[in-house]
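The values are calculated or read from the model by the stated rules, or taken from the named source; none is laboratory data. Just so it is clear, the model here is predicted, and its values are computed rather than measured. For neighbour counting, all protein chains shown are included, and Cβ atoms are generated from backbone atoms with ideal geometry for every residue, glycine included. Note: areas computed on protein heavy atoms with side chains; ligands, DNA, RNA excluded. Shrake-Rupley method; radii C 1.70, N 1.55, O 1.52, S 1.80 Å.
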Amino acid sequence: MSDSTSNRKGKLALDFKSATLYALRVVLHSHDTTELIAALAQRMRDAGSFFENEPVVIDTNQIDEPIDWAALIQALSEHRLHPVGVVAQGPNLEAAQRCGLVTVDLANPAPRPASTPVADKDVPVVAPPVADEVPANLPTEPATPEVAPAAMVINRQLRSGQRIYARNTDLIVIGVVSQGAEIIADGNIHVYGPLRGKAMAGARGDTSARIFTTQLDPELLAIAGVYRVIETRLDPSLLNQPTIVQLDDDQLKITALGK
């Protein structure tokens, strides 16, 4: 009797590997099923087909009343959204789990330390000192500074259907981000070229993240989950201009560079 696993030379039929899941977060502000379904339909009309076939996590942290999970899951599915998890507590969590949803931890990571100018006394010496000025008690081995995560650099055009995610760092794209392409970063996004697709910065909740581009003409912009679908052409002062996108009082603010 032969052992089928022996034909694989010891290699198992499955393996575990790390993966990154980008999921939309659906935050509920009401428990009323009619209101939720109407709001969902409105949001999907505003977004067009941008969010179709995306996995979603349902956040009910603001809701204490019972939710009709079966109706909500069905409504999301009818809009081609795929519920994969829930943020809930108590009876709502138990009811969601009975409907097949799993608990997801969406706690925001610790914010990245802000960069600030160093004091003059801490600036490293660029040129060697004069011989008679060399201190007698120089340390033999300077302390090794902590290395910050390097930004992810993409030096090519991103075509429709391509998605790039920079985890725990910034994303720099040198080239065109075409319509239908998606760029996502936990930090800032820099696009040195036309930004015509979707750009989502601060993907894990960093509200200080920004989007920079030399030519703005996007389909969608988002920072820390606050998004704006660009359905009509931007104002001429912004369209195809160098711009910065940032959060201002929980609203996306688009500013032309130099203004």
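Here are the numbers for this structure:
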quantity	calculated
Solvent exposure of the stretch 24-103 as accessible area per residue, Å², 1.4 Å probe	56
Amide hydrogen neighbours beyond the local backbone of Val173, cut-off 5 Å, H modeled	Ile154, His190, Val191, Tyr192
Relative contact order, percent, the stretch 24-103 [alpha-carbon distance under 8 Å, six or more residues apart]	33
Amide N proximity, the stretch 173-195 versus Gln162 label position 7 Å along Cα-to-Cβ, cut-off under 18 Å	173-185, 189-195
Heavy-atom surface of the stretch 152-256, accessible at 1.4 Å and reported per residue (Å²)	45
Vicinal HN-Hα couplings computed from phi for the stretch 198-213 (Karplus, 6.51 cos²θ - 1.76 cosθ + 1.60; Hz; Gly/Pro x)	9, 10, 10, 9, x, 4, 9, x, 6, 6, 8, 5, 9, 10, 10, 8
Per-selection Kirkwood Rh - the stretch 152-256 (Cα, Å, 1 d.p.)	13.0
